[in-house]
Amino acid sequence: MWEAPVVGNRTSVGLDVHARSVVACGLDGQTGRVFERRLSPDHAEIFEWVMGLPGPVTVTYEAGPTGFGLARFLTERGIVCLVAAPSKLQRPCGDRVKTDLRDARHLARLLHLGEIAAIAVPSVAQEAARDLVRAREDVRGDLMAARHRLSKLLLRQGIVYYGGKPWTGVHDRWLCARRRDPVFATPGLGMAFDIAYDRVLDTVARRDRLDSAIAEMAAASEFTPVVTRLGCLRGVSTLTAFGLAVEIGDWHRLDGRSIGAYLGLVPTESSSGQSRSRGSITKTGNRHARRLLIEAAWHHRPPYRVGTDLRHRLDRADPATRDRGQRANRRLHTRWAHFDTRGKRAVVANAAIARELAGWCWSLAVLE
């Protein structure tokens, strides 16, 4: 007996969304009719136009700087809206003409064929926490640049610090004493030093404010259980655990094998026939989460011991989580020791450790 196929949607709508305009293209899957319209970014106007199309309707647009507000607005009103991952969109290699209308048509056709790779739309709270973490990441880069400018200003005058590790309390007192050096008696040079030093102090203050806000949110929010479980791993303190929690969001949509590829920690491959060639890691997916894991992986190289900070984080977790975290720490250090014995390049070995660490993070995050 023949059974009619089930059609999920009739009209596929592709939106090319910009800050001041939206170009829309709707494709009726039954009649082949095409509906095209230039709209304003007002969500109500877009919703009104979509509701006038033959239903049911599914909408898609590319992820970008306009955010997820439109997707949330349409979803709340019962319209399926997929936010497409730009890197996963199939484009003809010979297509050299790009316009807003052609992009909207392309999205509508891909949606009709079921070839849209949708990304997970975060909740408002998750996006706010993610913005906080990324603001801290931006300040970290600003602080590195400010310190670099100040140290190179001193280097051009032949002043070098030999008193140990830089950017500590001792180094700060040394910097204050340098202002009284005769070389900075020149008005222009003295002003340049003051501005560069003030920039470092201001950036440190901004970083500390963000650290306090992140620590407060990590201690009492929807992300607290995941942060507590991830804290059982070496190198995953509150900042790192909270960053991973808000960047990945729903850990249950991944598994222990796919999370490495999701974060771009698997090797590239170019194989054909009997030949098989692998290269460096793909570096796709979430760049911030990947950097956090790469930095955390270095902490597993020294011999495993439970320090004061790690002990406090372990004490906050339940016994099952604590046991799994300690097994992960021993396993990752054993892997590091094996790579060192083989003479593996440290950066290559660390990427492999970070990939396995991502799997352990997933294991702890989904542990109920």
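The values are calculated or read from the model by the stated rules, or taken from the named source; none is laboratory data. The shown structure was predicted, so the numbers you read here are calculated from the model rather than taken from an experiment. Reconstructed Cβ throughout: ideal geometry from the backbone, glycine too, with neighbour counts over all protein chains shown. Accessible surface areas use protein heavy atoms only, side chains included; no ligands, DNA or RNA. Shrake-Rupley method; radii C 1.70, N 1.55, O 1.52, S 1.80 Å.
Data overview
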| item | result |
| --- | --- |
| Members of the range 29-68 found to be within 20 Å of A125 (Cα to Cα) and open to solvent by less than 70 Å² (accessible area, probe 1.4 Å), listed by number | A63, G64, T66, G67, F68 |
| Matching entry among G141, G163 (being without any contact (Cβ under 8 Å) to a residue 24 or more places away in the chain and either crowded, with 18+ Cβ neighbours inside 10 Å or part of a helix (DSSP H, G or I) (or both)) | G141 |
| Test: S221 is open to solvent by 50 Å² or more (accessible area, probe 1.4 Å), under 26 Å from L293 (Cβ atoms) and of a type outside the set (D, E, K, R) | no |
| Candidates A220, A185, filtered to the one that is modelled with pLDDT under 90 and over 27 Å from A297 (Cβ atoms) | A185 |
| Answer residue from the range 6-50, given it is of a type in the set (A, V, I, L, M, F, W, C) and without any contact (Cβ under 8 Å) to a residue 12 or more places away in the chain and is nearest to C81 (Cα to Cα) among those | A44 |
| Elements of type strands (runs of 3 or more DSSP E) in the range 1-89, at least 2 residues being touching a Gly at 6+ places or on another chain (Cβ under 8 Å) and under 22 Å from A118 (Cα atoms) | 11-17, 22-28, 57-62 |
| Qualifying residue in the range 97-117 (condition: farther than 13 Å from L15 by Cβ, part of a loop (DSSP other than H, G, I, E, B), modelled with pLDDT of 90 or more and of a type in the set (V, I, T)) | yes |
| Test: residue in the range 303-317 that is open to solvent by less than 90 Å² (accessible area, probe 1.4 Å), aromatic (F, W, Y) and under 26 Å from G249 (Cα atoms) | no |
| Count of the range 240-269 residues which are open to solvent by 10 Å² or more (accessible area, probe 1.4 Å), in a loop (DSSP other than H, G, I, E, B) and not basic (K, R) | 6 |
| Matching residues, the range 114-127, being free of Cβ contacts under 8 Å to residues at least 40 places away in the same chain and either exposed (fewer than 11 other Cβ atoms within 10 Å of the Cβ) or on the phi > 0 side of the Ramachandran plot (or both) | G114 |
| Number of positions in the range 36-68 that are of a type in the set (G, A, S) and within 29 Å of the chain's Cα centre (by Cα) | 3 |
| Residue among G249, G279, G273 that is farther than 29 Å from V121 by Cα and in contact (Cβ under 8 Å) with a residue 12 or more places away in the chain | G279 |
| Filtered residues of the range 284-302 (kept if of a type in the set (K, R) and open to solvent by 70 Å² or more (accessible area, probe 1.4 Å)) | R287, R301 |
| Answer residue from the range 69-111, given it is open to solvent by 90 Å² or more (accessible area, probe 1.4 Å) and in contact (Cβ under 8 Å) with a residue 24 or more places away in the chain and is nearest to Q30 (Cα to Cα) among those | R109 |
| Per-region count, the range 184-194, residues in a helix (DSSP H, G or I) and open to solvent by 30 Å² or more (accessible area, probe 1.4 Å) | 7 |
| Check on H299, of a type outside the set (F, W, Y) and touching a residue at least 12 places away in the same chain (Cβ under 8 Å) | yes |
| Single residue of Q326, Q274 found to be polar (S, T, N, Q) and surrounded by fewer than 16 Cβ atoms within 10 Å (Cβ to Cβ) | Q274 |
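Condition check ((1) basic (K, R); (2) open to solvent by 60 Å² or more (accessible area, probe 1.4 Å); (3) within 18 Å of V246 (Cα to Cα); (4) not in a helix (DSSP H, G or I)) across all residues:
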residue: L132; (1), (2), (3), (4): no, no, yes, no
residue: W167; (1), (2), (3), (4): no, yes, no, yes
residue: A196; (1), (2), (3), (4): no, no, no, no
residue: D208; (1), (2), (3), (4): no, yes, no, no
residue: V226; (1), (2), (3), (4): no, no, yes, no
